[in-house]
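See below for the structure under consideration.
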Amino acid sequence: MTLTKDKTHFGFTEVPINEKVNRVADVFHSVANKYDLMNDVMSFGMHRLWKRFTINEANVRKGQTVLDLAGGTGDLAKAFSKKVGSNGLVVLSDINEKMLDRGRERLTDEGIVENIQYVQADAECLPFPENYFDCITIAFGLRNVTDKSAALASMFRVLKPGGKLLILEFSKPVIPLLNTLYDKYSFNIIPKLGAWITNDEESYQYLVESIRMHPDQETLKQMMQENGFEESEYFNLSGGIVALHKGFKY
């Protein structure tokens, strides 16, 4: 589909650019309270393994500063908080206030308070100084961003030289039979699970569609390179259903 300059995708629907942020916000306002449960159910718990792989690849150290973008309910931020220690800092950021509140409540309840901050922010125009973070992660959030190139440029700006970006996102299966089965599961089952668990089938229909509109592995790698990231590479997880992209700022 060819878009006019004032239009963008919201799933398979073409919408005015200035409407997408509000529509995405409505999706996550609706599902925030059952977000973790739905992740477990629809991925059969695999999201925990994908995130663990991301945390290992991030390889953050004591005293470092980490930005977890679209951090939602705080899975990555929780792990990074333990790794950077009391002299480090983790910033959990999300554009959606309700998701950010859920993350703050969850981590506070678990006693994670001393080295973590919460910032509501748009990935396209991050409100942080240049060369500030040692590592940036964004897990299952980039596909919801309207201008992905602007977001990548903003992330590049706030990374320190030598810093790394990791993008964990649904991608394109690389096994033909898996691709067929995944399509059937995605379109026929996931929205029904959304209706059953969150009473919101429409939001999970959007989720499925947004995955199909997201750039494939090679396209996203090229976008990273175009925005200054070097040594860009990706790892296909679960046959390419999910991919982890990694790149550095030098």
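Since every read-out is calculated from the coordinates, none of them should be taken as a lab result. Remember, predicted model here, so these are calculated numbers, not experimental data. Cβ atoms come from the backbone with ideal geometry, glycine included; neighbour counts cover every protein chain shown.
Give, as ranges by residue number, the residues of segment 84-117 whose backbone N falls under 11 Å from the point 7 Å along Cα→Cβ of Leu193. Counting backbone N atoms under 11 Å from the label point, the list is empty.
Residues whose amide H comes within less than 5 Å of that of Val242, counting only those at least five positions distant or on another chain, are Ser171, Leu237 (H built at 1.01 Å from N in the peptide plane). Entry note, the chain: relative contact order of 20 percent, from Cα contacts under 8 Å with a spacing of 6+ residues.
Of the options Ile190, Gly162, Tyr206, report the single residue whose Cα projects farthest towards the positive end of the charge dipole of segment 157-213 (beta-carbon charges: Lys, Arg +1; Asp, Glu -1). The one lying farthest along the dipole's positive direction is Gly162. Packing around the peptides 86-94, 68-76, 222-230, taken as the average count of other Cβ atoms within 10 Å per residue, puts them in this order, highest first: 68-76, 86-94, 222-230. With the simple spin-label model, which puts each label point 7 Å out from Cα in the Cβ direction, the Asp109 to Cys125 separation comes to 3.5 nm.
Rounded, prolate or oblate: which one fits segment 30-122, using the alpha carbon gyration tensor with axes a ≥ b ≥ c (rounded when a/c is under 1.5, else prolate when a/b beats b/c, else oblate)?
Values: a/c = 1.88, a/b = 1.26, b/c = 1.49.
Cα axes put segment 30-122 in the oblate bin.
Spin-label model, Thr219/Glu231: points 7 Å from Cα along the beta carbon direction are separated by 2.8 nm. Think of segment 28-107 as having a plus end and a minus end, set by charges on the Cβ of Lys, Arg, Asp and Glu; of Val41, Ile95, Leu107, Leu107 sits farthest toward the positive end of this dipole. Computed extension gain for Lys7 through Asn87, at 0.36 nm per residue and net of the alpha carbon distance, reaches 24.3 nm.
Under the combined filter of DSSP loop state and at most 12 neighbouring Cβ atoms within 10 Å, segment 79-168 retains none of its chymotrypsin sites (Phe, Trp or Tyr not before Pro). For Lys7, the lysines whose Cα comes closer than 30 Å to its Cα, not counting residues fewer than 8 places off in the same chain, are Lys20, Lys98, Lys148, Lys172, Lys184, Lys192, Lys221, Lys246. Stokes-Einstein diffusion of the chain at 25 °C, 0.890 mPa s viscosity, Kirkwood radius from Cα pairs, rounded to a whole number: 134 µm²/s.
Please work out whether segment 119-250 counts as rounded, prolate or oblate from its C-alpha gyration tensor, where a ≥ b ≥ c are the square roots of the eigenvalues and a/c under 1.5 means rounded, while otherwise a/b larger than b/c means prolate and anything else oblate?
Numbers: a/c = 2.81, a/b = 1.62, b/c = 1.73.
Here segment 119-250 falls in the oblate category.
Rounded to the nearest 500, what is the 222 nm mean residue ellipticity of the chain from helices alone, with -39500 (n - 2.57) per DSSP H run of 4+ residues and division by all residues? Walk me through the numbers before you get to the answer.
Working: 10 runs with 116 residues, N = 250.
Rounded to the nearest 500, it is -14500 deg cm²/dmol.
Can you tell me which aspartates and glutamates have their Cα less than 16 Å from the Cα of Lys83? Leave out same-chain residues fewer than eight positions away. Within reach: Glu57, Asp68, Asp75, Glu110, Glu114, Asp134.
So if a site counts as exposed when it's one of the trypsin sites (Lys or Arg not before Pro), its DSSP state isn't H, G, I, E or B, and it has at most 14 other Cβ atoms within 10 Å, what's the longest stretch of the chain without one?
Values: sites that count: Lys5, Arg61, Lys62.
My reading of the result: 63-250 is the longest stretch.
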